[in-house]
1. Just how large is the dipole of segment 465-651 about the Cα centre, in debye to the nearest 20, putting +1 at every Lys and Arg Cβ and -1 at every Asp and Glu Cβ?
2. Based on the Cβ-Cβ distance from R409 to R376, what FRET efficiency comes out when R0 is 35 Å, to the nearest 0.05?
3. Any chance you could run the full-extension gain for R501 through L369? It's 0.36 nm times the residue separation minus the Cα-Cα distance, nm to one decimal.
4. Roughly speaking, what is the centre-to-centre gap between segment 353-426 and segment 625-642 when only Cα atoms are used, to the nearest Å?
5. Between N303 and N545, what is 0.36 nm times their sequence separation minus the Cα-Cα distance? Round to one decimal in nm.
6. I need the peptides 532-543, 509-520 ranked by packing, meaning the mean over residues of other C-beta atoms within 10 angstrom, with the highest value on top.
7. How many nm separate the modelled label positions at I144 and K398, each set 7 Å beyond the Cα in the direction of the Cβ?
8. For V226 and H515, FRET efficiency with R0 = 41 Å and r from the beta-carbon atoms, rounded to 0.05?
Amino acid sequence: MSNQRVNQWLERLKEWVGAGDSGQMGPPRRRYVAATVAILVLAALLSMLMRPDVSVLSYSDFKLSVDQGRVARVTFEGQQIRGRFVAELPESEQRTGDATAEGGSDEQAQQSVAFQAGGRFETTMPQVADAKLLPLLEHHGVEIRAETAGGGIWGRLLVSFVPWVLLLGGFLYLSWRMQRSLTGGTGGKEGIFSFGKSKAKRFREQEIRIGLDDVAGLANAKADLVEIIDHLADPKRFRRVGATMPKGVLLVGPPGTGKTMLARAVAGEAGVPFYSIGGSEFVEMFVGVGASRVRDLFEAAKNEAPCVIFIDEIDAVGRSRGAGLGGGHDEREQTLNQILSEMDGFTPHQDVVVLAATNRPDVLDKALLRPGRFDRKVYLELPDLPARRAILELHARKIALAGDVDLDRLAARTVGFSGADLKNLINEAALLAGRRRRDRVDMELLSTARDKLVLGAERDQGMGDEERRLVAYHESGHALMAWLLPRADTLDKVTIIPRGRALGATEQLPEEERHTFTQSYLRDRIGVMLGGRVAEQAVFGEVTNGAESDLAQATELARKMICRWGMSTVIGPMALKRGDEHVFLGREMAHSPDFSDATAKVVDDEVKRLIKDIETHARKLMDDHRGALDRLADALLEAETLSRDQIEDLLGERSAPPARMRSAG
C-alpha cells in the first residue's frame, strides 16, 4: 500500500473521530467509540502478552512424556488436551538426563528440551480412538479432568475480555457522571477524557447581569478599573493612539471586600465574556496537569478576545518559588511558571485582561508582580461609614423592613465589617424574623443579629450569685474607664449575658473613622482594656483569670507603640523588628531579631513601665469614682444589659476630650 493511500486512511480516521484542524474533539459518541476500540485493542495485546508460555506437543511426544512420568495432570476438552508437566523429574529420568548430557542420543536430547518443569503444554488427539490412553494415564498417576467441548478459544477470549469490558464501562459511566455534574445535566465537553482541560467557568456577556452600579462602595477601586472597562468595551479607540491594555490587574483586599463581585462587574460593564477559576483548581496531584489547564484556559480566552480571566485566591499557585520548606519542582511551581509564560505570550493587541484576587500580596512571587504581568494593583479596603450605609441599603432591598429601622445607626455600629459581613448581618436578621414568626425585620432584630456576629450567640451559662457579681464589676470597670478617659471611644453598650466564650462584653463605637492613632488615644485604649482588672482589685482585693484576653491585647498594643511606632523617649524613633514573618515562606527561619539582647531588655522594661503607668492612672480614677462603679454594677445585675442612654442616666453626660493631646514619656 502506498504512502499516499495510508495518509488518506489516516485523514479519514481523524475526520471521523472529529479532531480536525482546530484540534477540538468531535461528538462524544465518536470519542467514546474511538476510546472503546483503543481499549479493546490494548486488552487483546495485553492478553497475548500475559498468556502463559504453552508448549505444543505432538500426540506421540505427549504419550511418551506420560510414559516417562513427566505429566502431572491433563484436561480433556473435545479433541484438545491441555496439561501441566511435573515440577521435578523422577530420579530415573534425572539419571537419564545426566547420561544424555554425557553423550546420549539426539532424540533423548530433543525430548529433554521439550520438557519444562511445571510448564504447560497442549496437544490434539487424533480422530481414531485411543483405548490405551486412559489406562496409561491412570498407571502413571496423572490427574484427569474433562470440560465440555464448544467453548474453545472464544470462551477463553470472553474470560480474558470481561474484566476489560467492565473497566471500560466504569470509565464511561464516570465520564457521563462528570459531564452531568459539570454541565448541570445538559451534557458538555468535560469528562474523563478532559483531565488536563481547564475547569474555569465561562460566562457569556449576556449572562453577567451586574455592573459597577450593583457594587456598593469601593469608589476608589472602581475608579481605577474604569480605564480597563473602556479598553475592553472599545479597544480600537486606544489602538489608534498606540496604547496597549494592561495584561493583569491584581485586586488586593481583606476577605469579603467584594473582589470577586468587582471582577464580574468589570466584565458585565464592558460586555465581554468572563472566565472564572480558583487558584486551587489548577493544582492536582499529577505534575503537569495544572500547567495544561493554564494553557487550555488562556488559549480559550485568546480565541474569544476581548474577554476577562479572573483567578480567585491566586496565592494558592502564586507563592514565592523556592522558599520555605517545600521543594522547587512540585506541581504548584510548574503551574506558576506556565501562568508567567502565558502572560508573557500576549501580543500587544490581544485584548485579554487577567484579574486576580488575593488577601495575601506579601506571599506572591516577585516575577508575578512585575510590570508586564500584573501591571496594576487595585486595593480594596474595608468600607467606611457612607459605603457601609450604601451596602446595607443594597442588601436590604429584598428584605421587608419595619419603620423603625435606622440604617445610618446600624452603619455606625458596624465599624470593621466587610461587605460580606454586612450581607450576612441582613440575612441573619431575616432568619431571626422568620424564626420568631414576624412579618418584618425591625431594628431590634438587626441589633440582635449584629451582636450575634460580633460577640457570638447567647448561651445558657449557669453562674452563681458571686460569680455573676464579679462579672458585673469587671464589665463595669471597662465601661467606667471608657466613660472617664477623654480619648477613649464612645461607650455604646454593656452586658453580662454570656455570648460565645465571653461571660460579658463592653462595646465602644468611634465617633469617626480612624486611620491614624495618636499616642494619647492608644494610652486611653489600653486603660479601657485594664479597667476590668483594676475594678476587680478595687472591689474584691484580688484579680481573676477573666482579664486574660485584656492583658494579651494591652501587652501587644504597648509593644507596638514602643517597637514600631517610636512612642517611647527611652527607645526613641526606632523600629525594632521582631521575628513575626511566615516560616513556610522561607523568611525568619534561623533569623535573629534586628536588635541586641540588651535592647530587648530595654524594650521589655519600657513595655512594663508603660502598662504600669496606665494601670496606676486607671486605679486612681476608679478610686475617685467608686460610687459610679457601684451604680453601674448594680444596674447590670438587675438589667443584664445597659444601653448608652441608660449609662448616661446613671453617670451623667460624658465630658468632651481636652483640645491638647496628652504626651506619653
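Since every read-out is calculated from the coordinates, none of them should be taken as a lab result. Quick caveat, the model's predicted, so the values are computed rather than measured. Note that each Cβ is placed from the backbone with ideal geometry, even for glycine, and that neighbours are counted across all protein chains shown.
1. Values: 25 positive and 35 negative charges, 145 e Å.
The calculation lands at about 700 debye.
2. Numbers: r = 37 Å, r/R0 = 1.07.
Taking R0 as 35 Å, the efficiency between R409 and R376 is 0.40.
3. Value of the extension gain: 43.4 nm.
4. Between the Cα centre of segment 353-426 and that of segment 625-642, the gap is 38 Å.
5. On the way: separation 242, 0.36 × 242 = 87.12 nm, distance 6.43 nm.
Gain on extension, N303 to N545, equals 80.7 nm.
6. On the way: 532-543: 18.3, 509-520: 12.2.
Result, highest mean first: 532-543, 509-520.
7. With each label placed 7 Å out from Cα toward Cβ, I get 8.4 nm.
8. Numbers: r = 25 Å, r/R0 = 0.60.
It comes out at approximately 0.95.
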